[in-house]
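Peer 1: Below: one structure in structure tokens.
The values are calculated or read from the model by the stated rules, or taken from the named source; none is laboratory data. It should be emphasised that the depicted structure is a prediction, and the values quoted were computed from it without experimental measurement. Every residue, glycine among them, receives a Cβ derived from its backbone with ideal geometry; neighbour counts consider all protein chains shown.
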Amino acid sequence: MSRKTWLMAALMAIAMIAVTIAGCSGTTEKGSTLSGRDIFDPQRFSMAVYNVTMDDGSSVSWHDFQVITHPGEPEGDRLTSVSFQKNVSTRADTMISADRRKTVSVLITSINQTNVQINGGQLSFNMTVLDDAWNSLDDTYQPAGTANVSTPAGMYDSCHVYGGNKTLYFGNASSDIRVLYYMHPSSPVPVLYTLEGPTGLYTYTLQSVYLPGDNDSTPGRVIQAFFDDLDNGRPESAFNYLVTYDAVNGGFVSPDEATNRQYLENMNRTYGLGDESFRVQYVDAGAPEPGVTQAGYHTPVVPWASVHYQVGNMYAYRLDGSFYMVDLNGHWKIIV
């Protein structure tokens, strides 16, 4: 397959896009509107996973969407959002200022099969996550009633619904969409949101959400945190998610020093800063499968799939694997 770089048409226009919301200007009483700053606040959660359904009137398709937070980085809080379907994916690393007033910068990575394109810099508007709703920090949404919502993440009664009409401008063309966010006090992110426009209806349904500091309450969350640490140059932190079985004492312990040294050497070589090092586009953990039992511990095997790429050759690779894992007092670990 050719290595010619590829970028979706929507991303070709993103640097030029200007977003306006009809009927949402002016000062409003606190609580009467929803601010774009509060939809995905990186201080309020660590990761959210959605399933996206797209209905264009003649067919229905699905893909997954993740939002991962990295609060307290040097420039402010970072939001990583990625839409993916096997080898086709788009990721945005959005840096938001510490006062949450502006988007400092954004790095967009788009991959189709093995072809990679990376765009970066300051956008012309305050985007948050890279999804079809085009939410900005300074957007506002008006109350639009209440609703009961059932999702894989739970049942949410009496959700507050907020809506906004937006006109998206792409050069000389424009597109009108209607966005609805379903918010519930028990969730730090929307439990559901929809947008309706010329291309059809998009529905984002919450699959799971994790509170701040929660990196290991489920197998899927710890796998994501492990690769996230590697991708961000923190192999020592990633090592803390690993355990080995101590047959003498019949329990799980941290790997020994020799294993630690070999691990750090391998990870620094694989995920270092050189052109030949790998970057992580996304990781998707599957459902736990039956594993084995050791000394009374159930250790399921958890499959995962990912797309990695090398900056040096702008080439992407699909990597699949599985981890045996164990729950130690509510904290999941990867067994090595």
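Peer 1: Output yes when any residue across region 173-181 is within 30 Å of Ser306 (Cβ to Cβ), at pLDDT 95 or above and assigned by TED's automatic domain parsing to the domain that holds Tyr141, and no when none is.
Peer 2: Residues of region 173-181 that are within 30 Å of Ser306 (Cβ to Cβ), as a first pass: 181.
Those left that are additionally at pLDDT 95 or above: 181.
Those left that are additionally assigned by TED's automatic domain parsing to the domain that holds Tyr141: 181.
The answer is yes; a qualifying residue exists.
Peer 1: When you go through Thr103, Thr109, Thr69 one by one, which is the residue that is in contact with a Lys or Arg (Cβ under 7 Å, 6 or more places away or on another chain) and over 20 Å from Thr194 (Cα atoms)?
Peer 2: Of Thr103, Thr109, Thr69, the one residue that is in contact with a Lys or Arg (Cβ under 7 Å, 6 or more places away or on another chain) and over 20 Å from Thr194 (Cα atoms) is Thr109.
Peer 1: Quick check, is Thr69 within 28 Å of His184 (Cβ to Cβ) and not assigned by TED's automatic domain parsing to the domain that holds Ile223?
Peer 2: When the stated conditions are applied, Thr69 passes them.
Peer 1: Tell me which strands (runs of 3 or more DSSP E) are completely within region 165-275 and hold 1 or more residues being within 29 Å of Asn126 (Cα to Cα), under 18 Å from the mean Cα position of the chain (by Cα) and of a type in the set (S, T, N, Q), or say none if there are none.
Peer 2: 192-197, 200-210
Peer 1: Follow-up. Hey, Gln294 hits all of (1) surrounded by fewer than 14 Cβ atoms within 10 Å (Cβ to Cβ); (2) in contact (Cβ under 8 Å) with a residue 12 or more places away in the chain; (3) under 19 Å from Asn249 (Cβ atoms) but one; which does it fall short on?
Peer 2: (1)
Peer 1: Then there's this: Residue by residue through region 305-321, note down the ones that are surrounded by fewer than 16 Cβ atoms within 10 Å (Cβ to Cβ), small (Gly, Ala, Ser) and assigned to a strand (DSSP E or B).
Peer 2: Hit for region 305-321 is Gly321, nothing else.
Peer 1: May I ask you to say which residue of Val326, Val301 is crowded, with 17+ Cβ neighbours inside 10 Å, of a type in the set (A, V, I, L, M) and either at pLDDT below 95 or more than 21 Å from the chain's Cα centre (by Cα) (or both)?
Peer 2: Val326
Peer 1: Take the conditions under 25 Å from Gln66 (Cα atoms) and polar (S, T, N, Q) and apply them to Ser322. Does it pass?
Peer 2: It is true that Ser322 is under 25 Å from Gln66 (Cα atoms) and polar (S, T, N, Q).
Peer 1: From the list Thr293, Thr270, Thr244, which residue is β-branched (Val, Ile, Thr) and under 24 Å from Glu73 (Cβ atoms)?
Peer 2: After ruling out the rest, the residue left standing is Thr270.
Peer 1: How many of the residues in region 161-179 are in contact (Cβ under 8 Å) with a residue 60 or more places away in the chain and surrounded by 13 or more Cβ atoms within 10 Å (Cβ to Cβ)?
Peer 2: The qualifying residues number 8.
Peer 1: In addition: Name the residue that is nearest to Thr53 (Cα to Cα), counting only residues in region 125-164 that are of a type in the set (A, V, I, L, M), part of a strand (DSSP E or B) and in contact with a strand residue (DSSP E or B) (Cβ under 7 Å, 6 or more places away or on another chain). Step through it out loud before you land on a result.
Peer 2: Just the residues of region 125-164 that are of a type in the set (A, V, I, L, M), to begin with: 127, 129-130, 133, 137, 144, 147, 149, 153, 155, 161.
From what's left, part of a strand (DSSP E or B): 127, 144, 147, 149, 155, 161.
Now restrict to residues that are in contact with a strand residue (DSSP E or B) (Cβ under 7 Å, 6 or more places away or on another chain): 127, 144, 147, 149, 161.
Working: Met127: 22, Ala144: 22, Ala147: 19, Val149: 16, Val161: 19 Å.
If we take residues in region 125-164 being of a type in the set (A, V, I, L, M), part of a strand (DSSP E or B) and in contact with a strand residue (DSSP E or B) (Cβ under 7 Å, 6 or more places away or on another chain), then Val149 is nearest to Thr53 (Cα to Cα).
Peer 1: Within region 106-117, is even one residue assigned to a strand (DSSP E or B) and surrounded by fewer than 16 Cβ atoms within 10 Å (Cβ to Cβ)?
Peer 2: For region 106-117, residues assigned to a strand (DSSP E or B) and surrounded by fewer than 16 Cβ atoms within 10 Å (Cβ to Cβ): present.
Peer 1: Going through Val149, Val82, Val67 one at a time, which residue ends up being out of contact with any Ser or Thr (no Cβ under 8 Å at 6 or more places or on another chain), surrounded by 16 or more Cβ atoms within 10 Å (Cβ to Cβ), among the hydrophobic types (A, V, I, L, M, F, W, C) and modelled with pLDDT of 95 or more?
Peer 2: After applying the criteria, what remains is Val149.
Peer 1: Continuing with the same structure: Need the failing condition index for Gly57 against (1) surrounded by 15 or more Cβ atoms within 10 Å (Cβ to Cβ); (2) touching a residue at least 60 places away in the same chain (Cβ under 8 Å), just the number.
Peer 2: Every condition holds for Gly57 apart from (1).
Peer 1: Scan region 224-269 residue by residue and report those that are small (Gly, Ala, Ser) and surrounded by 17 or more Cβ atoms within 10 Å (Cβ to Cβ).
Peer 2: Ala225, Ala238
Peer 1: Determine the pairs where a residue that is not assigned by TED's automatic domain parsing to the domain that holds Asn87 and basic (Lys, Arg), located within region 272-284, has a partner that is surrounded by 13 or more Cβ atoms within 10 Å (Cβ to Cβ) and not in a strand (DSSP E or B) with Cβ atoms under 8 Å apart, the partner being 6 or more residues away or on another chain.
Peer 2: If the second residue must be surrounded by 13 or more Cβ atoms within 10 Å (Cβ to Cβ) and not in a strand (DSSP E or B), the pairs left are Arg279/Asp231; Arg279/Tyr271; Arg279/Val311.
Peer 1: Considering only region 197-217, how many residues are more than 26 Å from Asn329 (Cα to Cα) and either among the aliphatic types (A, V, I, L, M) or surrounded by 15 or more Cβ atoms within 10 Å (Cβ to Cβ) (or both)?
Peer 2: Here the count works out to 8.
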